[in-house]
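The values are calculated or read from the model by the stated rules, or taken from the named source; none is laboratory data. Just so you know, these numbers come straight off a predicted model, no measurement behind them. No Cβ is skipped: glycine too gets one built from the backbone with ideal geometry, and neighbour counts run over all protein chains shown.
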Amino acid sequence: MIDLDAQAESYEQLPYESNPFFESHPGRLATIAYLSGLDPVPIDHCRVLELGCAAGGNLLPAAEALPGSDFVGVDLAPNQIAEGMAIIDALGLKNIRLQAMSLTDITADFGSFDYIIAHGLYSWVPPDVQRRILEICNAHLSPNGVAYVSYNTNPGWRLRGVMRDLLQYGQSELPPQTGLRSRLASGRNFAEMILSAAGDEPTGYRRVLGGEVDMVLKAPDSYIAHEHLEPWHEPIYFREFAARIEERGLAYLGDARSGGGVFRVESRLRQQRPELGANLIHLEQCIDFALGRQFRRSLIVHQDRKIQRPLDAKRLMHCHFTATVFPTAPVDLRPEAQVTFQAHDGGTFATNDVGLKAAIVEIAGAFPQAIGFDQVWKRVRHAMNARIDDLAARLHLAQLLLDMFMADSVEPHLTSPVFVKQIGPKPMATPLARWQAANGRVIHNRRHRGVRSPDAFECSVLALLDGTRDTAALKSITGATDHAIRECLKKLAMNAVLIG
Ligand SMILES: C[S@@+](CC[C@H](N)C(=O)[O-])C[C@H]1O[C@@H](n2cnc3c(N)ncnc32)[C@H](O)[C@@H]1O
């Protein structure tokens, strides 16, 4: 039996870095549900519950951006909740509350929620708490609600588990009262020693070990400590998870994020064995075996929902799009020209399809803002010499965009995030970003992501952007040049933190 107090204590010693995860944003959940033929609750008037919310880093940016919706977070660790509540009070947000409690104590009076999120929780809690998470998803999810549960998966975790075994073994000689930080440091030293002993042995195991040790040394302390040193940890096969949700009266909708590998493996599997398409759970399990998947972000709905599979491309015509791949040079739209686009994560995407090239140019040009299907279509039609404007041609574009979404190359939105790219005469940043900049925290943006490494000057300007200061005022306070202020504002606008 795992002691809940001991679990809370481990997060008191080393609080989790509390950040937004765009894959778990209600907007993402609503979009996938909509593309699956469902009728999700509009995110600007919904109720959201997060289990294991840490300091509310995943709820806060959404709550600030969606004042008509209601957000509730629960977490076992009082210090994390207190940290989140301090930010909520500082910003005067009235639509979010965080409670220090065990999710096992959630009662019927919490009411029903349109979106329930449990990120980075399920695999690290004991079986009775795991059961309760799924019970809450059933009992507290509104009829059209969508729940998000992420968890570590086999077979990928069988490899990663070696690292967990190694780190635990490396600190097994320490006295039982040793703090989490010291245990982590000692585990890391041990991992380095083992890797150095492994030398350049030409084995598959050495390659895996090298990658895992590298990750353990570079990733944030809180992540590694809670991932590898928590007493309870249970990675499971997807088919086991699917069986557990079915037992609780719930159904698997899809995953919140797949990626190019999943898309390609699924296409091959469907080609080799068309009959696999009839058994989604089996197909998904085969994908995990082929990819060695380590992590899933599964979406769950009530069993009586009529889920459409595959996703409905037609419905994409009502969506807006943000690019996740970008041209690196002027794009040659001629059919014979193969063009390679670059993804933020270092991946690439190549195509010679005229329509697709034109679509990416249009969507990437609007970045970081999302643009509507009709605007994309206008550009595509122009690129194809305006010969066609019928439903079939629009549907073809929608299908291409759907394939791109499945390959993680474009992000559709049923409701676009609200921020400006055009810098106003007296720029205004979100109150949350201003507070974070002023308090030396990671800055969270309206795309539900962290802003990458802003420098001290950018943070000082950001903290000043309350809509009362023009460039001259910013210059006189910071002592910076016109050019420096303009460049800084441009960068902040591209980072989706400006709202005026
Ligand atoms: C690995 S952290 C993940 C935090 C956050 N969801 C994220 O992904 O950044 C797990 C969180 O779950 C919380 N937790 C563990 N058991 C819990 C329980 N029974 N009830 C509520 N929260 C719990 C911990 O305090 C911790 O903040």
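Condition test on Met193, is it within 28 Å of Ala77 (Cα to Cα) and touching a helix residue (DSSP H, G or I) at 6+ places or on another chain (Cβ under 9 Å)?
For Met193, the condition - within 28 Å of Ala77 (Cα to Cα) and touching a helix residue (DSSP H, G or I) at 6+ places or on another chain (Cβ under 9 Å) - is not met.
For the condition under 21 Å from Phe241 (Cα atoms), touching a His at 6+ places or on another chain (Cβ under 9 Å), more than 16 Å from the ligand (Cβ to nearest atom) and at pLDDT 95 or above, what is the one hit in Asn152, Asn138?
After applying the criteria, what remains is Asn138.
Looking at the structure I just gave you, is Asn144 in contact with a Ser or Thr (Cβ under 7 Å, 6 or more places away or on another chain) and not in a helix (DSSP H, G or I)?
no
Hey, His226 hits all of (1) closer than 20 Å to Tyr11 by Cα; (2) surrounded by fewer than 19 Cβ atoms within 10 Å (Cβ to Cβ) but one; which does it fall short on?
Result: His226 fails condition (2) only.
Which condition number does Asp114 fail, the rest of (1) among the charged types (D, E, K, R); (2) surrounded by 19 or more Cβ atoms within 10 Å (Cβ to Cβ); (3) within 10 Å of the ligand (Cβ to nearest atom) being met?
(3)
Any chance you could count how many residues in the range 319-350 are buried (at least 17 other Cβ atoms within 10 Å of the Cβ) and polar (S, T, N, Q)?
So the answer is 2.
Among the listed residues Ala392, Ala398, which satisfies the condition of being among the small types (Gly, Ala, Ser) and either modelled with pLDDT of 90 or more or touching a Phe, Trp or Tyr at 6+ places or on another chain (Cβ under 9 Å) (or both)?
Just one listed residue meets the conditions, Ala398.
Modelled with pLDDT under 95 and assigned by TED's automatic domain parsing to the domain that holds Met406: is that true of Thr351 in this structure?
yes
Hey, does the range 353-364 have a residue that's surrounded by fewer than 19 Cβ atoms within 10 Å (Cβ to Cβ) and without any contact (Cβ under 8 Å) to a residue 40 or more places away in the chain?
Within the range 353-364, one or more residues are surrounded by fewer than 19 Cβ atoms within 10 Å (Cβ to Cβ) and without any contact (Cβ under 8 Å) to a residue 40 or more places away in the chain.
Criterion first (assigned by TED's automatic domain parsing to the domain that holds Leu49, at pLDDT below 95 and surrounded by fewer than 19 Cβ atoms within 10 Å (Cβ to Cβ)) does Pro126 satisfy it?
yes
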